[in-house]
Amino acid sequence: MSSLLSSLGCCFWWFLAGALLGWLLNRCMCKCCCKPSANNMKNSAPAKVADVPAKPVAKAAPVAPKASAPVAAMIDIAAAKKAGFALKNANDLTIVEGIGPKINELFNDNGIKTFAQLASTTVPQMRAILDKGGSRFRIANPSTWAQQGALAAENKWAELKKLQNKLSGGVKK
């Protein structure tokens, strides 16, 4: 009986050491790749696109970024669907080649909610937002996103489709 207890005691300590090591590794890995905690977010103000000067894009001026209702009315959803785009709403940034749901959420949290706002955002500004989002967004390449956003804001869906046929993940093939 005592040999059984001593072997169980030995296994218990190995189990406990493995669990502790696993917990420490998980904690270390999450600091590197996960979003900052809520306490850290309170201390740092999010960078808004409006804080950084943006280069103007031709023909995007009539779209007012602050008024979301008029912007939504200006996007021709029927024409977008006819061109082969499946818009969830009038300013669904996920139709831009290279932007998925997580990047869309990240951009929305940083003040880029419309195609016109995306079109007026520079590549360095987009890169800063992606870098702030964490290491998992490093692979994203925003080099054509402003151009695609401008075409969508101007309802040039056929041209956007033609451009996207030349892209792979938002980057020219």
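Quick one: order GLU159, GLU105, GLU154 by neighbouring beta-carbon count within 10 Å, fewest to most.
Ranked by crowding around the Cβ, least crowded first: GLU105, GLU159, GLU154.
Among PHE15, PHE85, PHE115, rank each residue by its count of other Cβ atoms within 10 Å, from fewest to most, as a rough exposure measure.
By the 10 Å Cβ count, ascending: PHE15, PHE85, PHE115.
Each value in this text was obtained by applying a stated rule to the coordinates, not by laboratory testing. Here the structure is a predicted model, which means the values were calculated and not measured. Every residue, glycine among them, receives a Cβ derived from its backbone with ideal geometry; neighbour counts consider all protein chains shown.
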